[in-house]
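The values are calculated or read from the model by the stated rules, or taken from the named source; none is laboratory data. All figures in this text were calculated on a predicted structure; none of them were measured in a lab. All Cβ positions, glycine included, derive from the backbone under ideal geometry; neighbour counts span all protein chains shown. The area values use the complete protein model at the heavy-atom level, side chains included, leaving out ligands, DNA and RNA. Shrake-Rupley method; radii C 1.70, N 1.55, O 1.52, S 1.80 Å.
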Amino acid sequence: MRWLWPTRRALLGGGLATAGLAAFGLHRVNARPPVPGGPVRLTVEARRVDSFRPGDPGRQRFGALVFRGGLQLKADYEGFGGFSGLAFADDGRLVAVSDAAEWFVARPARQGDRLVGLAEAMMAPMLAGNGVPLAATAAYDTESLTIAGGTAYVGVERVHQILRFDWARSGVAARAERLAVPDEARRLPRNRGLEAIGVAPRGSPVAGAIVAIAERSDEEETVGFIIGGRRPGRFAFSRRDGFDVTDLAFLPGGDLIVLERRYVPPFSIGMRIRHIEGRALVPGAVLDGMALIEADNGYEIDNMEGLAVRRAAGETILTVISDNNFSMMQRTLLLEFALAS
């Protein structure tokens with residue numbers, strides 16, 4: 001989802017006063033980068049983030065997570081940013097989708113357990129079934145991503161679709177196949193659609209199903225869907241403290257990790273990550289789990305929207321990325337945490 005933060009266009013074309021009014025708004029920005037013409041190789045400038053809480057630089061443990069470092073990312077490409085979905089491909093590359101229907105692919109560089117840079121970076125247009133860039137269609141607002149079994153699944157807001165891409169075979173050249181979604185999902189608010197998506201692993205009561213959660217469908221609960229598998233249906237996710245759902249990922253055993261974001265105009269932001277027991281995820285359930293971490297403006301966060309989970313060296317690593325709304329007033333942050341043992 002794209003909030004109304006001041007953009008480069010507002011600052012340069014409309015002046016600081018216009019930008020200030022934009023920052024106080026509650027509505028979302030509809031402007032987006034031009035439709036990309038094809039894949040673009042990028043040099044990504046990565047500034048290391050070694051302290052998650054600048055006011056306490058020596059601290060590494062935050063709630064149930066241990067900070068493993070991060071990066072602030074920049075690139076000289078108009079479509080860079082707006083990253084709302086995150087995953088890791090089987091070959092270890094990081095894959096993200098922007099909310100302007102572009103793929104971002106890069107190979108993480110690490111020193112020990114610390115993320116220090118990104119190599120082999122590229123962006124490419126996501127393609128509709130007929131080969132036309134999704135950015136030129138009504139399905140341009142790509143907001144969520146998961147990769148399972150060599151297939152990438154992408155949730156699209158506004159038109160409330162789930163698209164499937166044969167990632168293992170074609171990578172960024174894959175063309176979208178539209179999946180059937182429940183009627184209720186198609187009736188979600190236009191800009192509060194399927195913000196989080198995952199495929200339930202073995203060990204989950206709904207193993208093999210696509211699990212998707214709306215950003216927000218009412219004030220106390222937001223709706224989720226179990227699509228396919230042996231036990232399809234709907235469930236609810238409990239909202240607390242003004243947070244909205246922005247992504248989800250599964251732990252290998254089937255437990256669910258949910259990323260949430262809170263925005264209070266004009267500049268107050270928050271991030272929370274919750275843990276849900278996998279056995280609770282069944283049709284008709286109301287999910288509500290413990291917070292693994294919660295952070296506000298005093299921490300190195302921005303509009304955190306993408307989440308991926310992986311195993312490395314015996315640890316469970318949570319990686320989160322921010323959506324900068326293509327605004328010079330925000331940052332693209334890529335942060336990593338380990339689940340404390």
Among Thr246, Thr151, Thr142, determine the one that fluctuates most according to a GNM of the chain built with springs between C-alpha atoms less than 10 Å apart.
-> Thr151
Heavy-atom accessible area per residue - the chain, 1.4 Å, Å² | 40
Expressed as a whole percentage, what fraction of the accessible surface of the chain belongs to carbon and sulfur atoms when a 1.4 Å probe is rolled over the protein heavy atoms?
-> 50
Based on the mean of other beta carbon atoms within 10 Å per residue, what is the order of 280-291, 324-335, most packed first?
-> 324-335, 280-291
Based on the alpha-carbon gyration tensor of the chain, what equivalent-ellipsoid semi-axes (square roots of 5 times the eigenvalues) come out, in whole Å, largest first?
-> 26, 24, 22
Show the residues, 5+ positions off or on another chain, whose built amide H is closer than 5 Å to the amide H of Gly85.
-> Val97
Contact order relative to length for the range 126-210, counting C-alpha pairs under 8 Å separated by 6 or more residues, stands in percent at 27
Once Lys and Arg are counted +1 and Asp and Glu -1 for all other residues with Cβ under 14 Å from that of Glu45, the total becomes +3
If you plug each phi of the range 298-307 into the Karplus form 6.51 cos²θ - 1.76 cosθ + 1.60 with θ = phi - 60°, what whole-Hz ³J(HN,Hα) values come out, in order, with x for Gly and Pro?
-> x, 10, 7, 10, 9, 7, 6, 10, x, 9
Compare Arg187, Arg59 by solvent-accessible area with a 1.4 Å probe and give them largest first, with all protein chains kept in place.
-> Arg187, Arg59
Can you quote the Å³ per residue value for the convex hull of the Cα atoms in the range 98-201, rounded to an integer?
-> 126
Report ³J(HN,Hα) in whole Hz for each residue of the range 179-193, in order, from the Karplus equation J = 6.51 cos²θ - 1.76 cosθ + 1.60 where θ = phi - 60°; Gly and Pro get x.
-> 9, 6, 10, x, 4, 4, 5, 6, 9, 5, x, 3, 10, 9, x
In the range 214-289, the chymotrypsin sites (Phe, Trp or Tyr not before Pro) that sit in a DSSP loop and have at most 14 other Cβ atoms within 10 Å of their own Cβ are Phe267
Can you give the net charge of the other residues whose Cβ lies under 14 Å from the Cβ of Leu188, counting K and R as +1 and D and E as -1?
-> -3
How big is Rg to Rh over the range 206-341, alpha-carbon atoms, Rh as the Kirkwood inverse-mean-distance radius?
-> 0.97
Add -39500 (n - 2.57) for each DSSP H run of 4 or more in the chain, then divide by its residues: what number comes out at 222 nm, to the nearest 500 deg cm²/dmol?
-> -1000 deg cm²/dmol
Give the Rg (one decimal place) followed by the Dmax (whole number) of the range 30-103, computed from C-alpha coordinates and expressed in Å.
-> 15.7, 45
Prolate/oblate/rounded call for the range 175-244, Cα gyration tensor, a/c under 1.5 rounded = oblate
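Of the DSSP beta bridges with both residues in the chain, give the percent that are antiparallel, rounding to the nearest 5.
On the way: 99 of 102 bridges.
The antiparallel proportion sits near 95 percent.
If Lys and Arg each add +1 and Asp and Glu each add -1, what is the summed charge of the other residues whose beta carbon sits under 13 Å from the beta carbon of Gly284?
Net charge around Gly284: +1.
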Gap in Å between the Cα centre of the range 194-220 and the Cα centre of the range 80-113?
-> 21
